[in-house]
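**Q** Please read through the structure below; I'll follow up with questions.
The values are calculated or read from the model by the stated rules, or taken from the named source; none is laboratory data. Every value quoted in this text rests on a predicted model; they were computed, and no experiment measured them. Please note: Cβ atoms are built from the backbone with ideal geometry, for glycine as well, and neighbour counts cover all protein chains shown. Side chains included, ligands, DNA and RNA excluded: accessible areas come from the protein's heavy atoms. Shrake-Rupley method; radii C 1.70, N 1.55, O 1.52, S 1.80 Å.
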Amino acid sequence: MKVLVAVKRVVDYNVKVRVKADNSGVDLANVKMSMNPFCEIAVEEAVRLKEKGVATEIVVVSIGPTTAQEQLRTALALGADRAILVESAEDLTSLAVAKLLKAVVDKEQPQLVILGKQAIDSDNNQTGQMLAALSGYGQGTFASKVEISGDSVAVTREIDGGAQTVSLKLPAIVTTDLRLNEPRYASLPNIMKAKKKPLEVLTPDALGVSTASTNKTVKVEAPAARSAGIKVKSVAELVEKLKNEAKVI
Amino acid sequence: MTILVIAEHDNKVVAPATLNTVAAAAKIGGDIHVLVAGQGAGAVAEAAAKIAGVAKVLVADNAAYAHQLPENVAPLVAELGKGYSHILAAATSNGKNILPRVAAALDVDQISEIISVESADTFKRPIYAGNAIATVQSNAAVKVITVRATGFDPVAAEGGSAAVEAVAAAHDAGISSFVGEELAKSDRPELTAAKIVVSGGRGMQNGDNFKHLYALADKLGAAVGASRAAVDAGFVPNDMQVGQTGKIVAPQLYIAVGISGAIQHLAGMKDSKVIVAINKDEEAPIFQVADYGLVADLFEAIPELEKLV
């Protein structure tokens, strides 16, 4: 079974981002970039499926700038077999990304596509669901457990009230939540080997996909700052403040 | 301009987040219709018809919609939604699951988790875990939007008298089925709707120690949450997680116990009215957003707090 994994290059989760002075966006000059944490979990899940003998080939795909090849090489070092970069320097919306991924799905015909549930930059939480809609596939979003059996996949999902399990016909789309697995680190020999694995570069034009958008970001601002309050000395003082000053209990 | 709001429900009751979503629709302006897609959800439709400001309730009652499977519900919403100016759903796990599938079917970009309405086509939403706020304008014929409940005060659940209309459309894609669910049972208020939230972090040390927080919460009538660190460590289940990728809460009072205050946790609670932090590490970042900080051993402070409130 072929598994396709989509990964995104984003600002590293440890970086505290700053809004640009002209309010056009956040300042990403000279900040550390990494693979989106949820995408790391997606790669790990695919590698585990291959280790179990369920997956036979793992293709990793990213939509983004030339530099996203770094994240694809990371995925190759973690165990993916080959990579595809759909190169675009533009700031693409989730729908545009989903359309490009749909074109890759048509070309590659995977049985399972695994994506992160959301990217920690745009916080959209849309792409997997949109890809599922465009492909006409079932979707197991926010997955905490994925079990393939025959021509279907059982996905346990983290939902507001607890956990839900759905069964989807393959091919299907899965998006990962935090507790699906704990991603491994790439070993040095595997990092070296990854440099020799195939990496194909495509363009939206070559895939015949329009990336036009109905959304426009007008401005980006820093959130209202919350100022630090006071330190109280005792539990009694805390209770007194909450009752008489804040009046919340 | 007519807005379609997707009701959040479990076939029995309307979830409170629906009231916040209707509030966002009211800010946009125009007639508000509510869609109840489910099975045997008559009581939900009746309750939805009473929500203040709702003009019409559409009920799609079919076995295919019983568990809100997005493969079946999204085509229904896309079909009905074509005639509307906006389609809104709460940014709950259900809304997040279904609405992007609707947007893609309608070939429009979605706007996720809005926290304010600037005009009928312009909205504000947090990005980068709330470290930046984007103003986004949409020129889509149908604007597809999820609403962060904490950004909008709920409308009244009573006072309306909307007409209820049945929708015949049945969509069963036949590619997905519901297997089962394990829902947390609790007598405490729901995390996202509670006026007071008490949350524990890695400092709780283990799941058993959360009993101290439950005791305090019961005295205060509060809900209990947790940081990602506490959930990842297996102290408590995932439905208790507050943060960027967990639940977003904004209660009157948020008490963070043994929580250091990682960016992704702050993203889920920093809009709370009053924040209290109890942590033995006085350098913990949580103190930078806390109105009242107490540097103390939580195992001494929490029982004392429980006695004094």
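**Q** Evaluate the following for B:Ala193: is it small (Gly, Ala, Ser) and open to solvent by less than 20 Å² (accessible area, probe 1.4 Å)?
**A** Taking the combined requirement at face value, the residue does not satisfy it.
**Q** Which residues, counting only those in region A:181-224, are surrounded by 13 or more Cβ atoms within 10 Å (Cβ to Cβ) and aliphatic (A, V, I, L, M)?
**A** Hits for region A:181-224 are A:Ala186, A:Ile191, A:Ala194, A:Leu199, A:Val201, A:Leu202, A:Leu207, A:Val209, A:Val218, A:Val220, A:Ala222.
**Q** Does B:Ser85 satisfy the condition of being open to solvent by less than 30 Å² (accessible area, probe 1.4 Å), free of Cβ contacts under 8 Å to residues at least 12 places away in the same chain and not charged (D, E, K, R)? Lay out the reasoning, then the answer.
**A** On the way: open to solvent by less than 30 Å² (accessible area, probe 1.4 Å): yes; free of Cβ contacts under 8 Å to residues at least 12 places away in the same chain: no; not charged (D, E, K, R): yes.
When the stated conditions are applied, B:Ser85 does not pass them.
**Q** Looking only at region B:154-163, decide whether some residue is open to solvent by less than 60 Å² (accessible area, probe 1.4 Å) and within 14 Å of chain A (Cβ to nearest Cβ).
**A** Within region B:154-163 (the criterion being open to solvent by less than 60 Å² (accessible area, probe 1.4 Å) and within 14 Å of chain A (Cβ to nearest Cβ)), the answer is no, since none of the residues qualifies.
For every residue, the table says whether it meets (1) within 25 Å of B:Ala267 (Cβ to Cβ); (2) surrounded by 15 or more Cβ atoms within 10 Å (Cβ to Cβ); (3) within 20 Å of the chain's Cα centre (by Cα); (4) outside the structural domain of B:Gly40 (by the TED database).
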position: B:Gly174; (1), (2), (3), (4): no, no, no, yes
position: B:Glu182; (1), (2), (3), (4): no, no, yes, yes
position: B:Arg228; (1), (2), (3), (4): yes, yes, yes, yes
position: B:Ala233; (1), (2), (3), (4): yes, yes, no, yes
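**Q** Exactly one condition in (1) open to solvent by 10 Å² or more (accessible area, probe 1.4 Å); (2) among the hydroxyl-bearing types (Ser, Thr, Tyr); (3) within 8 Å of chain B (Cβ to nearest Cβ) is false for A:Thr141; which is it?
**A** (1)
**Q** May I ask you to list the residues in region B:274-285 that are over 23 Å from the mean Cα position of the chain (by Cα) and either over 18 Å from B:Met204 (Cβ atoms) or part of a helix (DSSP H, G or I) (or both)?
**A** Passing the criteria: B:Glu282, B:Glu283, B:Pro285.
**Q** Would you kindly identify the strands (runs of 3 or more DSSP E) lying entirely within region A:1-41 that contain at least 3 residues that are β-branched (Val, Ile, Thr)?
**A** On the way: elements: A:2-7, A:9-11, A:33-35.
Of the strands (runs of 3 or more DSSP E) lying wholly inside region A:1-41, those with at least 3 residues that are β-branched (Val, Ile, Thr) span A:2-7.
**Q** Right, something else. Restricting to region B:148-175, name every residue that is out of contact with any Pro (no Cβ under 8 Å at 6 or more places or on another chain) and within 30 Å of A:Ser167 (Cβ to Cβ).
**A** B:Ala166, B:Val167, B:Ala168, B:Ala169, B:Ala170, B:Asp172, B:Gly174, B:Ile175 - these are the residues of region B:148-175 that are out of contact with any Pro (no Cβ under 8 Å at 6 or more places or on another chain) and within 30 Å of A:Ser167 (Cβ to Cβ).
**Q** Also: Filter region B:192-213 for residues that are modelled with pLDDT under 95 and more than 13 Å from B:Ile255 (Cβ to Cβ) and give the result.
**A** Correct list: B:Thr192, B:Ala193.
**Q** Here's something else I'd like to know. Condition (residue is without any contact (Cβ under 8 Å) to a residue 60 or more places away in the chain, among the acidic types (Asp, Glu) and over 19 Å from A:Ser213 (Cα atoms)) applied to region B:101-109: is it met by at least one residue?
**A** Within region B:101-109 (the criterion being without any contact (Cβ under 8 Å) to a residue 60 or more places away in the chain, among the acidic types (Asp, Glu) and over 19 Å from A:Ser213 (Cα atoms)), the answer is no, since none of the residues qualifies.
Results for (1) more than 7 Å from chain A (Cβ to nearest Cβ); (2) open to solvent by 10 Å² or more (accessible area, probe 1.4 Å); (3) of a type in the set (S, T, N, Q), shown as yes or no for each residue.
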{"residue": "B:Thr245", "(1), (2), (3)": "no, yes, yes"}
{"residue": "B:Pro251", "(1), (2), (3)": "yes, no, no"}
{"residue": "B:Ile255", "(1), (2), (3)": "yes, no, no"}
{"residue": "B:Asp281", "(1), (2), (3)": "yes, yes, no"}
{"residue": "B:Ala284", "(1), (2), (3)": "yes, no, no"}
{"residue": "B:Gln288", "(1), (2), (3)": "no, yes, yes"}
{"residue": "B:Asp297", "(1), (2), (3)": "yes, yes, no"}
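**Q** Of the residues in region A:107-122, how many are in a loop (DSSP other than H, G, I, E, B), open to solvent by 20 Å² or more (accessible area, probe 1.4 Å) and either without any contact (Cβ under 8 Å) to a residue 24 or more places away in the chain or more than 8 Å from every other protein chain (Cβ to nearest Cβ) (or both)?
**A** 2
**Q** Just give me the residues in region A:165-176 being within 10 Å of chain B (Cβ to nearest Cβ), surrounded by 24 or more Cβ atoms within 10 Å (Cβ to Cβ) and either among the polar types (S, T, N, Q) or over 17 Å from B:Gly174 (Cα atoms) (or both), in sequence order.
**A** Correct list: A:Thr175 only.
**Q** Only one residue in A:Gly79, A:Gly116, A:Gly128 is farther than 17 Å from A:Leu202 by Cα and touching a Cys at 6+ places or on another chain (Cβ under 6 Å), so which one is that?
**A** A:Gly116
**Q** Would you confirm whether or not region A:77-87 contains a residue that is within 13 Å of another protein chain (Cβ to nearest Cβ) and assigned to a loop (DSSP other than H, G, I, E, B)?
**A** Within region A:77-87, none of the residues are within 13 Å of another protein chain (Cβ to nearest Cβ) and assigned to a loop (DSSP other than H, G, I, E, B).
**Q** To continue, here is another question. Of the residues in region B:93-120, how many are in contact with a Pro (Cβ under 8 Å, 6 or more places away or on another chain), within 7 Å of another protein chain (Cβ to nearest Cβ) and closer than 22 Å to B:Gly83 by Cβ?
**A** 3
**Q** Also, I was wondering about something else. Among the residues of region B:260-267, is any more than 9 Å from chain A (Cβ to nearest Cβ), part of a strand (DSSP E or B) and open to solvent by less than 10 Å² (accessible area, probe 1.4 Å)?
**A** Scanning region B:260-267 turns up no residue that is more than 9 Å from chain A (Cβ to nearest Cβ), part of a strand (DSSP E or B) and open to solvent by less than 10 Å² (accessible area, probe 1.4 Å).
**Q** Which pairs do you get when a residue that is outside any loop (DSSP other than H, G, I, E, B), found in region B:185-210, comes within reach of a residue that is among the polar types (S, T, N, Q) and open to solvent by 30 Å² or more (accessible area, probe 1.4 Å), reach meaning Cβ atoms under 9 angstrom, with the pair 6+ apart or on two chains?
**A** From residues that are outside any loop (DSSP other than H, G, I, E, B), the pairs are B:Ile196/B:Gln252; B:Arg202/B:Ser260; B:Gly203/B:Ser260.
**Q** Now a separate question. Going by what's in this entry, would A:Val60 be described as in contact (Cβ under 8 Å) with a residue 40 or more places away in the chain, in contact with a Leu (Cβ under 8 Å, 6 or more places away or on another chain) and more than 14 Å from every other protein chain (Cβ to nearest Cβ)? Even if it seems obvious, please write down each step before you answer.
**A** On the way: in contact (Cβ under 8 Å) with a residue 40 or more places away in the chain: yes; in contact with a Leu (Cβ under 8 Å, 6 or more places away or on another chain): yes; more than 14 Å from every other protein chain (Cβ to nearest Cβ): yes.
Yes: the conditions hold for A:Val60.
**Q** Would you point out which residue out of B:Ala90, B:Ala48, B:Ala55, B:Ala37 is touching a strand residue (DSSP E or B) at 6+ places or on another chain (Cβ under 7 Å), surrounded by fewer than 17 Cβ atoms within 10 Å (Cβ to Cβ) and in the same structural domain as B:Glu158 (by the TED database)?
**A** Testing whether each residue is touching a strand residue (DSSP E or B) at 6+ places or on another chain (Cβ under 7 Å), surrounded by fewer than 17 Cβ atoms within 10 Å (Cβ to Cβ) and in the same structural domain as B:Glu158 (by the TED database) leaves just B:Ala55.
**Q** Mind checking which residues of region A:225-241 are open to solvent by 70 Å² or more (accessible area, probe 1.4 Å) and either within 7 Å of another protein chain (Cβ to nearest Cβ) or of a type in the set (Val, Ile, Thr) (or both)? Break it down stepwise before answering.
**A** From region A:225-241, those open to solvent by 70 Å² or more (accessible area, probe 1.4 Å) are A:225, A:227, A:230-231, A:233, A:240; that's our starting set.
Correct list: A:Ile230, A:Lys231.
**Q** So for region B:72-84 (the condition being in contact with a His (Cβ under 9 Å, 6 or more places away or on another chain), at the interface with chain A (Cβ under 8 Å from one of its Cβ atoms) and either closer than 22 Å to A:Gln118 by Cβ or of a type in the set (Ser, Thr, Tyr) (or both)), does at least one residue qualify?
**A** Yes, because at least one residue in region B:72-84 is in contact with a His (Cβ under 9 Å, 6 or more places away or on another chain), at the interface with chain A (Cβ under 8 Å from one of its Cβ atoms) and either closer than 22 Å to A:Gln118 by Cβ or of a type in the set (Ser, Thr, Tyr) (or both).
**Q** While we're looking at this one, here's another question. Name the single residue that is least open to solvent (accessible area, probe 1.4 Å) among those in region B:121-146 being more than 7 Å from chain A (Cβ to nearest Cβ), of a type in the set (A, V, I, L, M) and more than 22 Å from the chain's Cα centre (by Cα).
**A** Residue satisfying both the conditions and the ranking: B:Val142.
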